[in-house]
Amino acid sequence: MKVPLSSGPLGRGLAAAFLLAAARPAFAEADPPAPAFSTAYMDPAVSPRVDFAHYAAGAWYRTTAIPADKSSWGSFNELELRNCFLIRHVLEDAAANPGAPGSLPQQVGDFYASAMDTAAIDAAGLQPLAPDFARIAAVGSVDELIRVVARLHTRLVPPPYNPSGAGAGVSTPLFSRGVQPDQKRSDTYILSLGQGGLGLPTRDYYFDPALEKTRAAYLAHMATLLALAGEPEAAARADAATALAVETDLAGISKTPVELRDPIANYHKMSIAALAAASPGLPVQTYFAAIGYPADGGDIVVRQPEFFAGLGRLLQSRPLGDWKTYLRWRALSDAAPYLARPFEEESFRFNGTGLNGVPAMEPRWQRAERVLNAQISQAVGRLYVDRYFPPAVQARLADLVANIEAAMRAHLEQADWMSAPTRERALAKFARFRALIGFPPHWRDYTGLEIRCDRYFENLDRAGAFEVRRQFGLIGRKVDRDDFGLPPQIVNAYFQSNANQVVFLAGILQPPFFDPARDDAVNYGGIGTVIGHEITHGFDDRGRLYDADGNLQDWWTPADAAAFKARAQQVIDEFNRFEALPGLPVNGQLTLSENIADLGGVAVAYDALEHSLAGKPRPPAIDGLTPEQRFFLAFAQLWRTKFRDDALRRQVLSNEHAPGQFRAIGPLVNLPQFYAAFGIEPGDPMWRPPEQRAKIW
Ligand SMILES: [Zn+2]
């Protein structure tokens with residue numbers, strides 16, 4: 001069945017609301033202007049048939065320098081920076097008028113004030129870590145060691161250097177843990193354990209010969225930080241070597257980022273007794289008693305059982321003293337960005353400059369803001385949404401989502417490479433799709449979280465522990481499908497496979513993604529392709545393995561699965577051909593889901609645009625460009641990105657998203673509609689012969 005598309009123009013009605021949202025600044029610097037689609041970014045000297053990315057944004061590439069305190073720069077970052085200023089108004093106003101003790105403005109305002117109180121932070125020195133160091137020093141057995149690990153696991157801190165701001169990282173000495181919907185019983189929360197314990201981005205950083213220099217820099221950083229913490233220099237160097245050796249052992253039993261992508265291979269539901277039996281040497285029961293796991297808590301998910309078996313062996317074979325050194329290092333490294341200035345600076349020197357090539361730290365208020373976004377995400381988010389998210393945006397987005405959904409449904413109906421039974425199941429799953437827009441239908445409750453205006457590290461620690469208690473309280477309970485997995489105030493969107501739902505955060509529903517002042521073509525090429533991207537995730541190489549209820553369960557016939565994989569292989573091959581740095585190609589396998597989502601996202605957003613134009617007088621060209629041309633230009637401009645080399649290397653080695661500059665054209669060269677819009681012909685550098693073009697959805 002085909003559902004009629006609604007096709008209201010996007011261009012009217014919301015501009016006023018956005019203008020009203022620009023509040024008076026409480027500080028001297030003016031908010032940066034909102035980024036926007038601009039023909040001034042184009043390079044008319046470049047032919048779209050030769051190099052579309054530079055035709056679309058060549059002038060921008062030529063004239064833009066990455067700010068000294070950023071690892072990469074593009075339209076996302078421009079909006080993020082502007083959004084940082086908006087959030088800053090929220091934080092500064094709360095700090096100036098905190099209101100009643102325990103109220104949201106008090107928690108937010110005092111947390112921010114404590115983060116900005118560098119005199120108090122510097123005066124405290126290493127003191128906030130003294131209790132942890134004392135506990136680690138007193139450890140006399142592996143059993144006691146695991147009890148300290150369990151205690152550190154009740155702490156949540158953002159990762160050092162956290163430019164994406166994408167939620168809380170975790171302090172994960174030895175291994176990681178989390179509470180999520182059960183992949184095979186998606187209506188219930190379950191505790192899962194996974195590999196972890198590393199200080200470098202992935203296991204390959206410990207072994208890849210090309211990363212020898214990074215390892216040497218890491219070792220020097222470890223020694224410097226340990227010395228700052230009071231160890232004599234020789235002892236600090238020896239302890240750094242020991243901690244690195246322990247991390248290298250953990251890396252040796254860890255999976256690669258590509259191996260971690262497989263949801264089936266990384267799902268093993270078992271009892272605690274079974275984990276204990278499979279991991280001799282690891283005091284499993286001690287750990288669960290220490291974290292207060294309920295006696296009737298039931299089974300858990302162990303993502304990588306072989307890691308825990310290996311960890312048990314390592315705990316028995318390495319001297320206890322090595323593990324104590326490792327734990328001291330991890331506690332110090334996790335806390336350093338939030339301690340006195342010398343610790344924070346040394347942490348940045350490696351994690352910011354060493355790993356990402358960033359010369360300068362962001363201003364303190366931006367660093368503080370990232371911490372609050374991570375630690376009390378929905379407290380900040382609620383104040384932000386009240387102030388900056390115009391209610392009308394939800395309704396306009398819902399219309400747009402409906403249009404893109406209709407286009408996606410048509411694509412599923414027309415995918416003739418699938419047999420009828422698989423297509424029926426795909427459509428049945430799609431019928432259950434749900435979109436959440438802007439902010440959660442109900443907010444998390446922060447009642448009882450004590451925040452003081454003068455204790456930054458304690459605030460951070462208490463907020464992290466509060467969040468861990470919230471998560472542990474969910475174990476065994478029914479999943480709340482209204483909750484958000486990311487802070488609503490950040491620039492992002494995501495697909496939740498267990499809930500079969502897409503979430504568009506308030507932070508991304510602004511120009512240049514959603515720009516009510518612009519023509520439909522630019523908005524379909526912007527937020528439209530983002531909506532299409534997230535929807536397509538439900539049918540990417542991983543999303544397709546979840547059924548209509550969000551359970552990990554293969555509903556494909558073997559022949560249809562084989563046909564899907566053959567098409568996906570073309571996407572892998574295409575991205576493997578992009579060279580990010582000399583000798584470092586993009587990893588088509590690691591980035592497969594995202595590239596499938598980009599490809600589907602552009603294709604369905606384009607069809608939704610065409611459907612909205614059908615049966616009406618053709619809109620006049622704007623700046624000499626047709627709606628179709630503006631659609632593809634808006635898309636390519638959205639992904640214009642510059643990277644520092646180190647950050648680019650890290651992105652390619654560890655991130656499931658290909659660098660933006662490749663996403664700008666990667667999907668387009670597969671689309672005949674793109675060729676038609678710009679007259680691209682055989683022999684043109686942008687031309688791909690039909691047999692090389694990927695088409696999945
Ligand atoms: Zn994605």
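The values are calculated or read from the model by the stated rules, or taken from the named source; none is laboratory data. Note that the coordinates shown come from a computational prediction; the quantities given were computed from them, not determined experimentally. In this analysis, Cβ positions are derived from the backbone assuming ideal geometry, glycine residues included, and neighbour counts consider all displayed protein chains. Ligands, DNA and RNA are excluded from the accessible area calculation, which covers all protein heavy atoms including side chains. Shrake-Rupley method; radii C 1.70, N 1.55, O 1.52, S 1.80 Å.
For this structure, a couple of remarks:
- Here the range 425-486 is assigned +1 on the Cβ of each Lys and Arg and -1 on the Cβ of each Asp and Glu. Its dipole about the Cα centre then comes out at about 580 debye.
- Euclidean distance of C-alpha centroids, the range 436-482 and the range 349-386, integer Å: 18 Å
- Karplus-derived HN-Hα couplings along the range 397-406 (A = 6.51, B = -1.76, C = 1.60, θ = phi - 60°), whole Hz, x at Gly and Pro: 5, 4, 4, 5, 4, 4, 5, 6, 4, 4
- DSSP-defined antiparallel bridges as percent of all bridges, the chain, nearest 5: 75 percent
- 10 Å-binned pair-distance histogram of the range 334-431 (Cα, whole percent): 12, 23, 16, 18, 23, 8, 0
- Magnitude of the charge dipole, the range 84-144, Cβ model with Lys/Arg +1 and Asp/Glu -1, debye to 20: 100 debye
- For the range 190-330, alpha-carbon Rg and Dmax in angstrom: 16.8, 49
- Protein accessible area in the chain, 1.4 Å probe - carbon and sulfur %: 55 percent
- Net charge contributed by nearby residues that have their C-beta within less than 9 Å of Ala548 (K/R +1, D/E -1): +1
- Listed residue (Leu397, His442, Phe430) projecting farthest to the positive dipole end of the range 380-442, Cβ model: His442
- Taking only the Cα atoms of the chain, the ratio Rg/Rh comes out at 0.96, with Rh defined as the Kirkwood radius.
- Taking 0.36 nm per residue of separation and subtracting the current Cα-Cα distance, fully stretching the chain between Thr64 and Gln414 would add 121.7 nm.
- Taking Cα atoms only, the orientation of helix 377-388 departs from the longest principal axis of the chain by about 40 degrees.
- Rel. contact order, % - alpha carbon contacts under 8 angstrom, at least six apart, the range 377-448: 53 percent
- Taking the C-alpha atoms only, the angle from helix 142-152 to the longest principal axis of the chain is near 50 degrees.
- Model label zone, Trp687; criterion: amide N under 17 Å from point 7 Å along Cα-to-beta-carbon; scope the range 46-66: 47-52
- Structural descriptor for the range 527-610: relative contact order 46 percent, calculated from alpha carbon pairs under 8 angstrom and at least 6 residues apart.
- Values of log10 I(q)/I(0), in the order q = 0.12, 0.20 Å⁻¹, for the range 550-663 under a Debye, Cα-only, solvent-free model: -0.61, -1.09
- Distance from the alpha carbon centroid of the range 99-147 to that of the range 497-551 works out to 38 angstrom.
- Sequence-separation-based contact order of the chain, relative, with Cα cut under 8 Å and 6+ spacing, percent: 22 percent
- 26 Å Cα cut-off, lysine pairs counted over the chain (separation 8 or more, or different chains): 21
- For the pair Phe207 and Asp296, the difference between a 0.36 nm per residue extended length and the Cα-Cα distance amounts to 27.9 nm.
- Contour minus Cα-Cα distance for Arg185 and Asn97 (0.36 nm per residue): 27.2 nm
- Under the convention that each Lys and Arg Cβ holds +1 and each Asp and Glu Cβ holds -1, the size of the dipole of the chain around its Cα centre is about 560 debye.
- Per residue, the accessible area of the chain comes to 38 Å², computed with a 1.4 Å probe over protein heavy atoms only.
- Overall Cα dimensions of the range 624-697 - principal axes, largest extent first, Å: 37, 32, 26
- Share of pairwise Cα separations in the range 377-458, more than 18 Å, in percent: 64 percent
- Rounded to the nearest 10 degrees, the inclination of helix 456-472 to the longest alpha-carbon principal axis of the chain is 70 degrees.
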